[in-house]
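The values are calculated or read from the model by the stated rules, or taken from the named source; none is laboratory data. Predicted model, so just to flag it, every value in this text is computed and none were measured. Using ideal geometry, Cβ is built from the backbone for each residue, glycine included, and neighbour counts are taken over all protein chains shown. All accessible areas refer to the heavy atoms of the entire protein, side chains included, with ligands and DNA or RNA removed. Shrake-Rupley method; radii C 1.70, N 1.55, O 1.52, S 1.80 Å.
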Amino acid sequence: MALLRIDKMTHYFGGLRAVSDYNLVLEPGHIVGLIGPNGAGKTTIFNLITGIHTPTEGNVELEGHNLIGHHPHEIAGKGLGRTFQNLLLWRHMDVLEHVKMACYSQLEYGLLGAFFGTGRCHREEKRITAKAMHLLETFNVAEYSDQLVSSLPYGAQRRVEMARAMAINPKVLLLDEPTAGMTPDELNRMISIIRQVHKDFEVAILLIEHRLKFVMELCEKIQTLVFGEVIAEGTPEEIQSNPEVIEAYLGKEDVT
Amino acid sequence: METKQETPQRAYKNLLARYKAFSNRIPLLGWLCGGIGAVLIEYFLGDLVSYYLGLPKVPVLFGCLIMLKKPILIPGAVGYLLLVYGLPVFFIARALATPANKLAAFLAKGPITIAALVHLGLLYAILHIWTDMSDYRVLVLKLTMIAVMLTLSLNVINGYMGEFSCSHPGFMAIGAYTTSTITLWLFANDKLFGEALLPAAIGPFFFPLALIAGGLVAALGALVIAIPSFRTRGDYLAIISLAFLFIVKSIIENLEFVGGPRGMSSQPNYSNLPMVFIVMVLCIWIINNFVRSTLGKALCAVRDNELAAESMTVNTRKTKMVTFMFGAFWAGVAGGLFAHVLRYVNPGSFGIQRLAEILAMLYFGGLNSVTGSIVGAVSINLLSEALRPLEIFKWIIIPLLLILVMLYRPTGLIAFTEFKPKELMRSKE
Ligand SMILES: Nc1ncnc2c1ncn2[C@@H]1O[C@H](COP(=O)(O)OP(=O)(O)OP(=O)(O)O)[C@@H](O)[C@H]1O
Ligand SMILES: [Mg+2]
């Protein structure tokens with residue numbers, strides 16, 4: 001059974017058809033890339049999957065369970081972790097608190113536990129602190145754990161955001177342009193981090209990327225989106241040699 | 001050899017540095033012992049000292065009232081402050097630094113509850129002895145502690161959660177009227193509810209339950225605001241909560257069975273000093289536990305970026321509703337205490353002016369900080385009491401002060417800090 005299955009998903013913003021008849025089958029452990037020019041509707045697809053917008057038509061299923069109509073926090077709790085194209089971090093919280101916060105729905109104490117600082121509350125806080133520290137180490141940002149996110153270099157902020165997404169124990173990880181604004185050096189490091197996370201946490205990944213080198217290297221399957229429609233789908237080699245893709249997308253951009 | 005000139009600034013800096021070095025060695029326990037010494041000295045020698053300094057009587061509120069009324073007595077009042085408070089605290093804290101540090105280290109090894117109880121016991125002793133001298137002090141202190149509860153609970157909503165609520169006096173009113181109704185009906189012979197139903201002797205023990213009931217009814221009131229306000233994104237809360245404040249007031253004005261515009265009076269004297277102190281400590285403790293837990297930090301996540309919070313499994317709507325009701329609960333409890341401190345309430349006590357006061361204390365002290373709320377409530381409350389002789393000018397000075405703070409520290413004096421009791425009580429050696 002497919003882990004994430006999307007059927008004929010269509011979405012209108014007013015009169016604008018931002019996504020039309022989008023289909024996806026994501027198998028466990030796979031990495032799928034989503035490429036396309038600016039405004040193609042890639043981020044919108046993520047927002048539709050995670051429940052921020054409700055699709056006008058179509059179906060989204062995670063492990064056979066329908067996701068349409070659920071709140072974003074419920075969908076996230078079912079195992080959909082994501083990052084954002086333009087970093088949505090909490091500016092008054094430190095790095096460790098970011099990752100702990102994503103363990104919110106796993107906390108096994110309630111309001112009364114929090115009010116009275118019960119033993120269970122302390123144990124749970126300790127447990128998620130350990131878990132968060134482990135994730136921070138995986139993403140190489142443990143050294144910043146007690147700093148506010150705004151004081152971190154840009155690349156580190158991106159990695160904090162990924163660590164945070166991993167803390168919800170996702171089955172599917174949605175990465176929206178994880179290397180935007182990174183130097184080639186940072187880019188290579190990001191590739192190895194994603195590989196390692198993919199292997200260690202056995203998570204399926206759907207990623208949006210502009211840099212071809214990155215998608216070609218990581219993904220088993222690539223979809224090309226133009227004006228909300230998938231115009232080509234296939235292995236990196238197939239995509240690279242598809243004339244339509246070259247015309248719509250690669251032709252205008254730097255292929256490296 | 002250095003040949004730097006001794007300028008006043010440098011002298012001041014030196015003094016400050018030396019004071020810092022000195023105070024860094026003294027644990028909280030030492031300061032509390034110093035405080036006990038000071039209030040004991042005032043208790044036994046206060047009359048004598050004020051007589052020799054030419055003061056008419058013991059200055060009741062740190063000499064502020066005397067100084068403002070009769071400037072000629074300023075030297076005497078300052079001398080009194082130094083002799084009775086400043087120097088004793090300083091010397092006792094220094095003399096006891098070593099044993100106090102040892103005791104603090106010993107307490108730190110045990111459970112934090114015991115250490116906290118020792119500190120709170122000392123603090124209570126100071127307050128008790130200090131207020132034993134005059135009824136006016138008792139009243140000011142009780143109202144200050146209630147103000148701390150109000151400010152802190154509003155901070156949870158306006159600071160931690162980043163919404164803007166105006167309905168705190170309304171919740172306070174609900175709490176005050178609910179609690180008063182219960183105590184008057186059950187334990188007092190009064191004109192509204194007639195004979196007492198239960199023996200008055202069990203009243204004081206029942207009072208905490210009445211307070212909780214007041215808090216719960218206030219929380220129910222909060223639910224009425226929360227349902228429409230947090231349904232969609234957008235800033236409806238400020239408007240809806242303001243409307244709520246007026247509605248509560250006019251409902252109470254029209255409810256004859258709680259006295260209408262005349263209000264309720266002769267509540268039993270249940271809000272004694274230990275009662276108010278214990279409830280305030282509980283309030284601070286519970287709120288501080290909450291905002292330091294991950295469950296409570298969800299408030300900050302919701303405030304800083306709601307979309308990110310929601311995408312990280314935080315149920316933002318529930319978080320907002322629960323928090324709003326939580327804040328209202330404590331405002332209700334504070335209102336119940338308030339009614340039994342003044343032993344008289346009328347709808348006029350819970351209007352816009354009260355809201356302005358609470359907001360001033362909150363924004364002066366600092367958003368998102370328990371310490372800030374305590375500092376803000378205590379300082380604005382004492383200041384407004386101390387400036388009373390200036391009458392109308394008081395309402396110029398306090399807003400000016402607030403504007404200054406807002407200019408230099410837009411989020412308040414002590415904003416965005418965590419209140420860590422363990423740190424506070426640790427040994428300094
Ligand atoms: N909330 C919204 N309301 C109205 N229109 C929107 C909204 N979000 C996106 N759009 C429109 O939908 C289209 C697709 O936007 P989207 O952000 O999904 O593109 P994208 O492929 O992620 O582009 P980029 O590479 O720039 O990130 C754009 O025309 C955009 O203006
Ligand atoms: Mg995008």
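Annotations
- Some residue of segment A:12-35 being open to solvent by 10 Å² or more (accessible area, probe 1.4 Å), within 14 Å of another protein chain (Cβ to nearest Cβ) and polar (S, T, N, Q): no
- Qualifying residue in segment A:172-181 (condition: among the aliphatic types (A, V, I, L, M) and part of a helix (DSSP H, G or I)): no
- Condition check for residue B:368: open to solvent by 10 Å² or more (accessible area, probe 1.4 Å) and outside any helix (DSSP H, G or I): yes
- Filter result for residue B:371 (modelled with pLDDT of 90 or more, in the same structural domain as residue B:150 (by TED's automatic domain parsing) and within 13 Å of residue B:158 (Cβ to Cβ)): no
- Single residue of A:137, A:97, A:124 found to be surrounded by fewer than 17 Cβ atoms within 10 Å (Cβ to Cβ), at negative phi and either more than 16 Å from ligand 2 (Cβ to nearest atom) or in the same structural domain as residue A:4 (by TED's automatic domain parsing) (or both): A:137
Residue by residue, here is whether (1) farther than 27 Å from residue A:147 by Cα; (2) of a type in the set (A, V, I, L, M, F, W, C); (3) at pLDDT 90 or above holds:
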residue: A:2; (1), (2), (3): yes, yes, no
residue: A:12; (1), (2), (3): yes, no, yes
residue: A:33; (1), (2), (3): yes, no, yes
residue: A:89; (1), (2), (3): no, yes, yes
residue: A:99; (1), (2), (3): no, yes, yes
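- Of the residues A:63, A:57, the single one that is more than 8 Å from chain B (Cβ to nearest Cβ), of a type in the set (D, E, K, R) and either within 16 Å of ligand 2 (Cβ to nearest atom) or in contact with a strand residue (DSSP E or B) (Cβ under 7 Å, 6 or more places away or on another chain) (or both) is A:57.
- Test: residue in segment B:130-146 that is closer than 30 Å to residue B:429 by Cβ and open to solvent by 30 Å² or more (accessible area, probe 1.4 Å): no
- Exclusive hit being closer than 23 Å to residue B:153 by Cβ and open to solvent by 20 Å² or more (accessible area, probe 1.4 Å), set B:299, B:209, B:237: B:209
- Test: residue in segment B:240-251 that is aliphatic (A, V, I, L, M), open to solvent by less than 70 Å² (accessible area, probe 1.4 Å) and over 28 Å from the mean Cα position of the chain (by Cα): no
- Filter pass, residue A:182 being in contact (Cβ under 8 Å) with a residue 60 or more places away in the chain, open to solvent by less than 20 Å² (accessible area, probe 1.4 Å) and either more than 16 Å from ligand 1 (Cβ to nearest atom) or not small (Gly, Ala, Ser) (or both): no
- Tallying residues that are closer than 19 Å to residue B:378 by Cβ and either of a type outside the set (S, T, N, Q) or not assigned by TED's automatic domain parsing to the domain that holds residue B:139 (or both) within segment B:245-273 yields 1.
- Matching helices (runs of 4 or more DSSP H) fully within segment A:27-127 where at least 1 residues are away from ligand 1 (no atom under 16 Å from the Cβ) and free of Cβ contacts under 8 Å to residues at least 24 places away in the same chain: A:72-77, A:95-101, A:111-116
- The lone exception for residue B:317 - which of (1) open to solvent by less than 50 Å² (accessible area, probe 1.4 Å); (2) at pLDDT 90 or above; (3) within 14 Å of chain A (Cβ to nearest Cβ); (4) closer than 29 Å to residue B:246 by Cβ it fails: (1)
- Failed condition for residue A:71, given (1) within 10 Å of chain B (Cβ to nearest Cβ); (2) within 16 Å of ligand 2 (Cβ to nearest atom): (2)
- Qualifying residue in segment B:378-393 (condition: open to solvent by 40 Å² or more (accessible area, probe 1.4 Å) and at positive phi): yes
- Enumeration of residues in segment B:289-314 that are among the aliphatic types (A, V, I, L, M) and more than 7 Å from chain A (Cβ to nearest Cβ): B:291, B:299, B:302, B:309
- Note on segment B:213-234: residues that are open to solvent by less than 80 Å² (accessible area, probe 1.4 Å) and either within 25 Å of the chain's Cα centre (by Cα) or aliphatic (A, V, I, L, M) (or both) total 12.
- Taking the conditions (1) crowded, with 21+ Cβ neighbours inside 10 Å; (2) facing chain B (nearest Cβ under 7 Å); (3) under 23 Å from residue B:305 (Cβ atoms) in turn, residue A:77 satisfies each one other than (1).
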